[in-house]
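The numbers here are math on the coordinates, done by the rules we state, and not lab data. For clarity, every value in this text was computed on a predicted model and none was experimentally measured. Counting neighbours? That spans all protein chains shown, and the Cβs are built from the backbone with ideal geometry, glycine included.
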């Protein structure tokens, strides 16, 4: 993978992470301190899972529980 491809991939991951944090904040209100860090350090596949769960979750715990 070239440097440019790595930067594009990192940009996509960061964008998805930021969108998820925004979605969770709108849906559940202010987030606990560790949540944004957890999201921003996650792999893209995990972010996708959490985003899907966030759509139907009634609680923040439902988003992050297995």
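Data overview
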read-out	value
For the chain, projected area of the alpha-carbon convex hull averaged over all directions, nm²	4.5
Gaussian network model of the chain, Cα within-10 Å springs - most flexible of 17, 54, 42	42
Nearest-ten-degree value, helix 3-28 long axis tilted from longest Cα axis of the chain	10
Residue order, fewest to most beta carbons within 10 Å, for 55, 63	55, 63
Burial ordering of 51, 2, fewest other beta-carbon atoms within 10 Å first	2, 51
Label point at residue 10 placed 7 Å out along Cα→Cβ; residues across region 33-66 whose backbone nitrogen lies under 17 Å	40-44
Over region 3-64, relative contact order from alpha-carbon pairs under 8 Å, at least 6 apart, %	33
